[in-house]
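The structure appears right after this line, and notes come after that.
Read-outs: derived from the displayed coordinates by stated rules, not from any lab. Note that this is a predicted model, so its numbers are computed, not measured. Using ideal geometry, Cβ is built from the backbone for each residue, glycine included, and neighbour counts are taken over all protein chains shown.
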Amino acid sequence: MKWTSLFIALFFFTVNTFAQPKPTDLDKSPMDASYWPSNYPILKLNGKVKDAPIARVLYSRPQKNNRVIFDGIVKYGELWRIGANEATEIEFLKNVKINNKTIVKGKYTIYCIPNLKTWTIIINKDNFCWGNYSYNQKLDVVRVEIPVEKNSDIVEAFTTYFDETKNGANLIFMWDDVKATLPISM
């Protein structure tokens, strides 16, 4: 009886172990989305908007975790995916202007070359990229230098959001004690 019980227990343990699908490894940095107008999905759910949003950003949110961020894990003067894991994507659902250059509606990737006082923001045609490993400068649509400000508070998780203005919106990037603002107009 002992052997029969042991055999049955081992059989069910083995079957149960092999029956479970192995999930893919999860990214350590959670993904998020920002919309212009802000809170677009909630506005749509409540019936307050009928049109598509103007823009959407999909990005990963790396954490500070007591690390030196700028000129630490994110090197000054080097190309950065502006987030973590997959390169940050921006989709414009209408034509917009960045630095007086018309950006045709479509999906793009955002890269950045950070420095102490300015960042160079790059909007690139290549999509579905992991990191910046496949970056091709020939596919740049626009490059614009934007100023960097110091935050009084530390932002633990990299954050980006749209702040609406009279003529469009500012795409805000915040992490650690740094804030950078990309003006976008209609």
Failed condition for VAL141, given (1) over 23 Å from SER38 (Cβ atoms); (2) aliphatic (A, V, I, L, M); (3) in a loop (DSSP other than H, G, I, E, B)
(3)
Expected output for segment 105-126 (first residue free of Cβ contacts under 8 Å to residues at least 24 places away in the same chain and at positive phi, partner of a type outside the set (S, T, N, Q) and in a strand (DSSP E or B), Cβ below 9 Å, 6+ apart or cross-chain) is GLY106/GLU91; GLY106/PHE92
Looking only at segment 163-179, decide whether some residue is of a type in the set (Gly, Ala, Ser) and either at positive phi or in contact with a Leu (Cβ under 7 Å, 6 or more places away or on another chain) (or both).
yes
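So which of ILE123, ILE113 is hydrophobic (A, V, I, L, M, F, W, C), under 19 Å from TYR161 (Cβ atoms), touching a Phe, Trp or Tyr at 6+ places or on another chain (Cβ under 8 Å) and not in a loop (DSSP other than H, G, I, E, B)? It would help to see each step written out before you state the result.
Working: ILE113 fails: under 19 Å from TYR161 (Cβ atoms).
From the options ILE123, ILE113, the qualifying one is ILE123.
I'd like to check something: does segment 143-161 contain any residue that is on the phi > 0 side of the Ramachandran plot and touching a residue at least 12 places away in the same chain (Cβ under 8 Å)?
Kept after step one, since they are on the phi > 0 side of the Ramachandran plot, are these residues of segment 143-161: none.
No, that holds for no residue.
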